[in-house]
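> Here it is: the structure, laid out below.
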Amino acid sequence: MQEYILRRLMLVVPTVLGVTLLVFLMMHFIPGDPVTLLLGNNYTEGTAAAIRREYGLDRPLHVQYVVWLEHLVTGDWGHSIIANRPIFTDLMSRLPVTFELIILSMGFALLVAIPAGVIAALRPYSWRDYAAMTTALVGVSVPEFFMGVLLILCFALAWEVLPAVGYVSLTDSLWGNLQHMILPAVTLGLARAALLTRLIRASMMEVIRLDYVTTARAKGVREWAVVLRHALKNALIPTVTVLGLQVGFLIGGAIVVETVFSVPGVGSFGIGAIALRDYPQVQAFVLLFALGFVLVNLVVDILYALLDPRIKYGRPAS
Amino acid sequence: MRHEASLAIAPPDLRDMPEAVETIARGTWATTLRRLRRSKTAIVGLGIVLLLFLVAALADVLAPYSPTQTTPASLTVPTWQHLMGTDLLGRDVFSRVLHGSRVSVYVGVVSILLAILVGIPLGMVAGFYGGRTDQVIMRLMDVMLAFPIFLLAIVIMVILEPSTMNVVLALAIVRIPILARIVRGSVLSVKEHEYIEAVEALALSQPRILRRHVLPNCLAPIIVTATLDIGNAIIIEASLSFLGLGTQPPTPTWGWDLKQNLTMIEINPWITIFPGLAILVTVLAFNLLGDGLRDALDPRLKH
């Protein structure tokens, strides 16, 4: 297993390099001269030439890339051209918000999907099964922003139990924070819950047929223990493999959900930057989310290695 | 000249091998179609999809008003004159929803077709030739897959100016890595089979091997993935439009219309609901169809 983990860790290096390269090139693919983009409305010939020399934009592309990487590593992620503030501090202040949103969404998704999937699998083709599967199918067909709108209509406008927009930080008020985060988290998590329900049901149905489950029952193990301790544990392994991908969808969805609910996270930061054509900010936003995704996939892969006994105990010598 | 007839009469000539494989393959297609016809989910999905194509094609005829015609009757609730109400500028929402189907259908279908057109050859070349080519292609695909799909689509739309055609391009680009991977996987599994060695020993040309033997093998997962991907593409297109990064106004598109009408949600919630419902029904249809296709083509059910 150590070998697997080591190999997986080594794979991160070229991936991160590839991601940073792509994000770096993105800035240079945008139509227009990067200096014009940097200066925005303050463009003059003299300033442009000075900026070019100062930022090293007159040097070859691969040199610029290395310099840019050096800046990244030291925490200099550029300056916003609109607000003339260091981007890194802005991003770091917004990161906890998005992080909380993603954690809450994933938690909600699992809280719904695991029981629903298991119940559907235990009584396949019953009304419970069909109800769960139909709901799940509709759930994956709803775009996040529409789901958010529907929830706002229901809970914020019609019944007025929850706030529609805004954010209260955890340090200010736990209850206030949760109140403002419930609708965004549910919106973001529902599509994932739908997909995971289908997956867990399919996986559970396969596992429950296997011999070792019959053996456990024959040994007299009680049904709930058979289901939870023996079947579910192994049925969840395929779920772990797609967990990384699901978080990827959560990251993408967070961008839309933060916009709908005016949550001050990294996603709404990025959309604001795009609208204002503040390209250094856009670049930093893309980089942060992309690197976050790489990190999540790494963690998930290692988690999978720890869970799957076939990898944990290594393959038997053939 | 060498056809199934000769197969029935005489023991198969080794030179008939490709045709023999094809006959077996054709038999599988017949079973698939039969199973598809029995699947209720697939039928419903197909029905709605065909209805959608019809609406998109006949939007001009079916819409009672022009989608861009402004009137003073702004923000009305659904009435017999305006079945879905009117938006802030007095435009008939029903007509806009009908016309909006054009963008969604066009973007959804064309982007996936484009992705298939590029992804299949890419995957085939990588899987079949292996070695350096495989490494280079797959590394590129891996880097693209290291980005969340929606994020990648946003990045592409920031680089390219927002327009319907560019959305098609962006959605095609983000789909190619997964398709290439699927095809490459199929190619690798087919390569394992011994009959490929036999066919190669018969000195058939490589393009012919790719076309006749490898391609039919990966067609099934491609068809299922492509159908489900169309639904996904429509959701992404709607999300991009919602963020202002997609088709530009005044062209009606479900995502942007929902966004516009969202600001008026306290006055008139109906006009945000209908574009959203349109997206929901459309994507649901493609998902039903895709699910039905997957069940029909699932080799595990073939016993």
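> Quick check, is A:F108 more than 14 Å from chain B (Cβ to nearest Cβ), touching a Gly at 6+ places or on another chain (Cβ under 6 Å) and modelled with pLDDT of 85 or more? Give the steps one after another, and end with the answer.
Working: more than 14 Å from chain B (Cβ to nearest Cβ): yes; touching a Gly at 6+ places or on another chain (Cβ under 6 Å): yes; modelled with pLDDT of 85 or more: yes.
So A:F108 passes the test.
> Would you pick out the residues in segment B:157-174 that are without any contact (Cβ under 8 Å) to a residue 40 or more places away in the chain and either at the interface with another protein chain (Cβ under 9 Å from one of its Cβ atoms) or not in a helix (DSSP H, G or I) (or both)?
Answer for segment B:157-174, where residues must be without any contact (Cβ under 8 Å) to a residue 40 or more places away in the chain and either at the interface with another protein chain (Cβ under 9 Å from one of its Cβ atoms) or not in a helix (DSSP H, G or I) (or both): B:I159, B:L160, B:E161.
> If I ask for residues that are among the hydrophobic types (A, V, I, L, M, F, W, C) and either at positive phi or within 10 Å of chain B (Cβ to nearest Cβ) (or both), which ones from segment A:289-309 would you list? Step through it out loud before you land on a result.
Step one: list which residues in segment A:289-309 are among the hydrophobic types (A, V, I, L, M, F, W, C), which gives A:289-291, A:293-296, A:298-300, A:302-303, A:305-307.
Answer for segment A:289-309, where residues must be among the hydrophobic types (A, V, I, L, M, F, W, C) and either at positive phi or within 10 Å of chain B (Cβ to nearest Cβ) (or both): A:F289, A:A290, A:L291, A:F293, A:V294, A:V296.
> Moving to a separate point now. It is to be established whether one or more residues within segment B:109-118 are under 17 Å from B:S163 (Cβ atoms) and surrounded by fewer than 23 Cβ atoms within 10 Å (Cβ to Cβ).
Our first condition is that a residue be under 17 Å from B:S163 (Cβ atoms); within segment B:109-118, this holds for B:110-111, B:114.
With the extra rule that they be surrounded by fewer than 23 Cβ atoms within 10 Å (Cβ to Cβ), the set shrinks to B:110, B:114.
Looking for residues that are under 17 Å from B:S163 (Cβ atoms) and surrounded by fewer than 23 Cβ atoms within 10 Å (Cβ to Cβ), one finds at least one in segment B:109-118, hence yes.
> Next question, about the same structure. Do the conditions hold for A:V23, that is, is it out of contact with any strand residue (DSSP E or B) (no Cβ under 7 Å at 6 or more places or on another chain), within 14 Å of chain B (Cβ to nearest Cβ), surrounded by 14 or more Cβ atoms within 10 Å (Cβ to Cβ) and at pLDDT 85 or above?
Details: out of contact with any strand residue (DSSP E or B) (no Cβ under 7 Å at 6 or more places or on another chain): yes; within 14 Å of chain B (Cβ to nearest Cβ): yes; surrounded by 14 or more Cβ atoms within 10 Å (Cβ to Cβ): yes; at pLDDT 85 or above: yes.
Yes: the conditions hold for A:V23.
> Is it the case that segment B:244-256 has a residue that's within 10 Å of chain A (Cβ to nearest Cβ), over 19 Å from B:I112 (Cβ atoms) and surrounded by fewer than 23 Cβ atoms within 10 Å (Cβ to Cβ)?
Let us first name the residues in segment B:244-256 that are within 10 Å of chain A (Cβ to nearest Cβ), namely B:244-245, B:254-255.
When the remaining residues are screened for being over 19 Å from B:I112 (Cβ atoms), the result is B:244-245.
After this cut, where a residue has to be surrounded by fewer than 23 Cβ atoms within 10 Å (Cβ to Cβ) as well, the list is B:244.
Yes, segment B:244-256 contains a residue that is within 10 Å of chain A (Cβ to nearest Cβ), over 19 Å from B:I112 (Cβ atoms) and surrounded by fewer than 23 Cβ atoms within 10 Å (Cβ to Cβ).
> Checking A:A132 against (1) surrounded by 15 or more Cβ atoms within 10 Å (Cβ to Cβ); (2) within 23 Å of B:W254 (Cα to Cα); (3) out of contact with any Pro (no Cβ under 6 Å at 6 or more places or on another chain); (4) not hydroxyl-bearing (S, T, Y), which single condition isn't satisfied?
Unmet condition: (2).
Here is a yes/no grid of residues against (1) over 30 Å from A:A164 (Cβ atoms); (2) touching a residue at least 24 places away in the same chain (Cβ under 8 Å):
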| residue | (1), (2) |
| --- | --- |
| A:E223 | yes, no |
| A:V260 | no, yes |
| A:G267 | no, yes |
| A:Y304 | yes, yes |
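> Quickly run through segment A:211-261 and pick out the residues that are of a type in the set (G, A, S) and within 12 Å of chain B (Cβ to nearest Cβ). Please lay out each step first, then the result.
Within segment A:211-261, the subset of a type in the set (G, A, S) is A:216, A:218, A:220, A:225, A:231, A:235, A:244, A:248, A:252-254.
Across segment A:211-261, the qualifying residues are A:G244, A:G248, A:G252, A:G253, A:A254.
> I'd like to check something: does segment A:266-286 contain any residue that is in a helix (DSSP H, G or I), closer than 22 Å to A:A194 by Cβ and either more than 7 Å from chain B (Cβ to nearest Cβ) or not small (G, A, S) (or both)? Steps first, answer last, please.
Start the filter on segment A:266-286 by keeping residues that are in a helix (DSSP H, G or I), which leaves A:266-276, A:279-286.
If we keep only those that are closer than 22 Å to A:A194 by Cβ as well, we get A:267.
Subsequent filtering for residues that are either more than 7 Å from chain B (Cβ to nearest Cβ) or not small (G, A, S) (or both) retains A:267.
Within segment A:266-286, one or more residues are in a helix (DSSP H, G or I), closer than 22 Å to A:A194 by Cβ and either more than 7 Å from chain B (Cβ to nearest Cβ) or not small (G, A, S) (or both).
> Any idea which of B:S104, B:S95 is among the small types (G, A, S) and over 15 Å from B:L258 (Cβ atoms)? Don't jump to the end; show me each part of the working.
Values: B:S104 fails: over 15 Å from B:L258 (Cβ atoms).
One residue alone meets the criteria, B:S95.
> Let me ask you something else. Against the condition out of contact with any strand residue (DSSP E or B) (no Cβ under 9 Å at 6 or more places or on another chain), within 26 Å of B:E237 (Cα to Cα) and in a loop (DSSP other than H, G, I, E, B), how does A:A164 come out, does it pass?
Yes; evaluated as a whole, the condition is true for this residue.
> Only one residue in B:I279, B:I265 is at the interface with chain A (Cβ under 8 Å from one of its Cβ atoms) and free of Cβ contacts under 8 Å to residues at least 12 places away in the same chain, so which one is that?
Values: B:I279 fails: free of Cβ contacts under 8 Å to residues at least 12 places away in the same chain.
After applying the criteria, what remains is B:I265.
> Further question on the same structure: Within segment B:227-242, work out how many residues are aliphatic (A, V, I, L, M), more than 12 Å from B:T282 (Cβ to Cβ) and buried (at least 22 other Cβ atoms within 10 Å of the Cβ). Give the derivation first.
If we filter segment B:227-242 for residues that are aliphatic (A, V, I, L, M), which is where we start, we get B:228, B:230, B:233-236, B:238, B:240.
From the residues that got through so far, the ones that are more than 12 Å from B:T282 (Cβ to Cβ) too are B:228, B:236, B:240.
From what's left, buried (at least 22 other Cβ atoms within 10 Å of the Cβ): B:236, B:240.
Number satisfying all stated conditions: 2.
Residue-wise test of (1) closer than 29 Å to B:L145 by Cα; (2) without any contact (Cβ under 8 Å) to a residue 40 or more places away in the chain; (3) in contact with a His (Cβ under 6 Å, 6 or more places away or on another chain).
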position	(1), (2), (3)
B:V44	no, no, no
B:I48	no, no, no
B:L54	no, yes, no
B:A73	no, yes, no
B:S101	no, no, no
B:G108	yes, no, no
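> May I pose another question? Considering only segment B:102-153, state which residues are outside any helix (DSSP H, G or I) and either in contact with an Asp or Glu (Cβ under 7 Å, 6 or more places away or on another chain) or within 12 Å of another protein chain (Cβ to nearest Cβ) (or both).
B:A146, B:F147, B:P148
> From the set of residues in segment A:181-203 that are more than 18 Å from A:I255 (Cα to Cα) and of a type in the set (S, T, N, Q), which is modelled with the lowest pLDDT? Before the answer, list the steps.
First, pick out the residues of segment A:181-203 that are more than 18 Å from A:I255 (Cα to Cα): A:193-203.
Cutting the leftovers down to of a type in the set (S, T, N, Q) gives us A:197, A:203.
Details: A:T197: 92, A:S203: 88.
Going through the qualifying residues, I end up with A:S203.
The values are calculated or read from the model by the stated rules, or taken from the named source; none is laboratory data. Bear in mind that the values here come from a model prediction, so they are computed numbers and not experimental data. Virtual Cβ from ideal backbone geometry, glycine too; neighbours counted across all protein chains shown.
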